Protein chains: 2
Amino acid sequence: MLVVQKYGGTSVGSVERIKEVAKRVAKTKKEGNDVVVVVSAMSGETNKLIDLAHQFSKDPKQREMDLLLSSGERVTSALLAIALSEMGYPAVAMSGRQAGIVTDSVHTKARIEHIDRKFIEDELKKGQIVVVAGFQGINEQGEVSTLGRGGSDLSAVAIAGALKADLCEIYTDVDGVYTTDPRIEPKAKKLDRISYDEMLELASLGAKVLQTRSVELAKKLNVNLVTRSSFNDNEGTLITKEENIMEQPLVSGIALDRNQARITLRGVTDKPGIAAEIFRKLAEENINVDMIIQNVGVDGATNLGFTVPEDEVEKTKKAMEEIEASQKVEYDSNVVKVSVVGVGMKSHSGVACTAFDTLAEEGINIEMISTSEIKISMVINAKYGELAVRALHHAYKLDK
Amino acid sequence: MLVVQKYGGTSVGSVERIKEVAKRVAKTKKEGNDVVVVVSAMSGETNKLIDLAHQFSKDPKQREMDLLLSSGERVTSALLAIALSEMGYPAVAMSGRQAGIVTDSVHTKARIEHIDRKFIEDELKKGQIVVVAGFQGINEQGEVSTLGRGGSDLSAVAIAGALKADLCEIYTDVDGVYTTDPRIEPKAKKLDRISYDEMLELASLGAKVLQTRSVELAKKLNVNLVTRSSFNDNEGTLITKEENIMEQPLVSGIALDRNQARITLRGVTDKPGIAAEIFRKLAEENINVDMIIQNVGVDGATNLGFTVPEDEVEKTKKAMEEIEASQKVEYDSNVVKVSVVGVGMKSHSGVACTAFDTLAEEGINIEMISTSEIKISMVINAKYGELAVRALHHAYKLDK
């Protein structure tokens, strides 16, 4: 098998941790696999470099920030290759450039354009373990670029896709993907398998295991992703194509997103273009509008509701002040979004009904509802968030 | 003018120091010059990385050490470019690779093979200050290489040579080259100018301002080198071609080298091949033999004397044990080497005589003598080292 393993900042956060990672990599190699390892900077290093730069400029040049920030991953890759060689496992460290990772020219949040597989493949053919500095590449001009937060995951997924690896393991400090947050519902179970689409819903809804961009790329490149812990030997969660999941459960998990604010415009003139004006304005200001609800109006006026991340409420207020239509705006930051996610619900009716019944039984009022093929999201009063999660977790038998 | 400035580790050792360097660079630019800056890692950083690597291996892989160690200079170059841009001086940071520095493939002590000037020149044409990470380049295989200790000086000199810069300023924490060590002779004077050859003798004899390799390269590429301090505005010392120095003093300086041990073989059979055997063996063990003295023998036997660095005496003893001829070997670490250096002595007789007279007057016995066109070196008892330096400094009127 060809296995790509990615280790995050806490997994390589100290000399001892890097030695542990080296043992794990060596074991994988010893079992007969070809191994490519992608590493993050040691935890804290990237923030240290950002702080340094900010002592010179509030808004440091992005091209130079990339040269600066790319150094952390290079250090880790060199150290891990040294550790592996010392253990008798030939290993070679590569910067993003040396690994053939070519990006576009958007500094500090570049997109990978392609990977020249030759460089890694040549080393694998020689029997080497290849250790790649994550988070970075070079653009067509030969300048160093970085991929933004979560960039090392992207590096790993892109390399796995380019090399057609059998598996891409993402090691963090959590065991995998759970049916819900175990801190809210202790009966939460780790999922063995989950589809890309479900993971995307869970990730964007607040499950912090993997960033949306990485899951999207894995889906596009058809990479079998495993998320697991580098601190124990537990099996992780496989994120794969829907077809690869034999027994499809109705519902895979319940997500809670606390970073939500509800905005309501009452009595908006019910004519074409008003909603467009509002959301164009919000898009211009880079405000992430999530749910949008508009009811049929009465007497030529309607109510328009939408949600934005709670920390973007101030920005939203400013933007709305410039829109004439929005004279009667209500802001409510005291809400959360609870979501039921599962590809099984596509072919089953009654899933939504169970959710509504369950919350009603608990006396929880649903303020907004939005549904897709594989999820139902409900905005409720913040104080009921945990209760709703536990009730829904039980109602869909996720604790069984 | 096109000026290359190089700032060493203590000159960029903190955020405050980097800001001071930025001001100096900006001033040079403002005066109408094109400026290329070469920077070292912040002081302590390179040793920190070496320590990290040694926690994984006593003898870490050199290829990976290069990837590891090159990161320190990249960080400094990015930070300085950010600082300059913030001050309103457009600046661009470059790694060794981006600056077009191509080396051979000897990892951790590579030699610069050539510099592709296009990359730096393109940026200079745009009016940018170019900040290059010193100490590094890439080899023909595209791997990162480093140039060994003092490597940033080499980067600066090589860039100055490739761009035909008018001046290459090496900034450290000392003011320039002195007629002798001011800690030994407070009357020591800073030299305004000195020839490459004199500087080479002084550098290899223990004056720590510039490494021999950098001066050799400057001589080869005909680069006008200035060594000066980044902590004050004093004029430094210009190191240049002999022809550029108008009034040639007889003697430029007195050097003291304490890291010396004298080794004497008594009664060596006076036949061809014996000396060759000894020095071949020492060369194989990488022992730096300095002075070698052999007298005409008496009765088919002779005395052979040579010096090695004091810290290589143990290695030398081991090597000598394997040589049959060396049964009567005496080791004396209690010696120092005092040298009188000056291109003026080429055309003047009597310079050596003054040295011998001076030491005789002070009652100092000379144990070994070796001379070249521009220097006289004498090995004496260690306890007389400082006295000899002061007496010679006065005898050649260097304090005037």
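What to note about this one:
- Partner chain coverage, peptide B:56-63 - average Cβ within 10 angstrom: 6
- Of the complete DSSP H runs in chain A, those spanning 20 angstrom or more by Cα along the long axis with a mean Kyte-Doolittle score not below 0.0 are A:62-86.
- Approximate spin-label separation residue A:387-residue A:288, in nm, with each point projected 7 Å along Cα-to-Cβ: 2.9 nm
- At 1.306 mPa s and 10 °C, Stokes D of segment A:137-279 from Kirkwood alpha-carbon radius, µm² per second: 91 µm²/s
- Nearest beta-carbon to the A/B symmetry axis - residue in chain A, distance in Å: A:71, 2
- Label 7 Å beyond Cα on the Cβ vector: residue B:62 copy-to-copy distances, nm: 4.1
- Charge dipole magnitude, Cβ of K and R +1, D and E -1 - the protein assembly as shown, Cα centre, debye nearest 20: 60 debye
- Among B:378, B:274, B:303 - extreme Cα towards positive end, dipole of segment B:254-395, charges at beta-carbon: B:378
- Copy-to-copy label distances for residue A:381, where each label lies 7 Å from Cα along Cα-to-Cβ, are 9.8 nm in order of increasing length.
- When A:387, B:49 are sorted by how many other C-beta atoms sit within 10 angstrom of their C-beta, beginning with the fewest, the order is A:387, B:49.
- Nearest-first distances (nm) between copies at residue B:116, label 7 Å from Cα via Cβ: 1.1
- For segment A:1-121, projected area of the alpha-carbon convex hull averaged over all directions, nm²: 7.9 nm²
- Calculated P(r) tail over 16 Å for segment A:65-171, as whole % of Cα pairs: 55 percent
- D_trans [Stokes-Einstein, Kirkwood Rh over alpha-carbon pairs] for the protein assembly as shown, 10 °C, 1.306 mPa s, µm² s⁻¹: 51 µm²/s
- Taking only the Cα atoms of segment A:232-335, the ratio Rg/Rh comes out at 1.17, with Rh defined as the Kirkwood radius.
- Per residue of B:42-55, other chain Cβ atoms within 10 Å of the residue Cβ number 2 on average.
- Using a cut-off of 24 Å between Cα atoms, the listed pairs A:109/A:337; A:189/A:375; B:6/B:61 include A:109/A:337; B:6/B:61 as exceeding that distance.
- Set the Cα radius of gyration of chain A against 2.2 N^0.38 Å, with N its number of residues, and you get 1.09.
- Here the dipole of chain B is about 860 debye; that uses its Cα centre as origin and unit charges on the Cβ of Lys and Arg (positive) and Asp and Glu (negative).
- Expected 222 nm ellipticity per residue - DSSP helices of 4 or more, -39500 (n - 2.57), all of chain B, to 500: -10000 deg cm²/dmol
- Using only side-chain charges placed at the Cβ, +1 for Lys and Arg and -1 for Asp and Glu, the dipole size of segment B:2-173 relative to its Cα centre rounds to 240 debye.
- Cleavage-rule hits (GluC sites (Glu not before Pro)) in segment B:105-162: DSSP loop, at most 15 neighbouring Cβ within 10 angstrom: B:140
Read the figures in this text as sums done on the coordinates, not as results from a lab. Everything numeric in this text was worked out from a predicted model, so none of it was measured. Ideal geometry is used to build each Cβ from the backbone, glycine not excepted, and the neighbour counts take in all protein chains shown.
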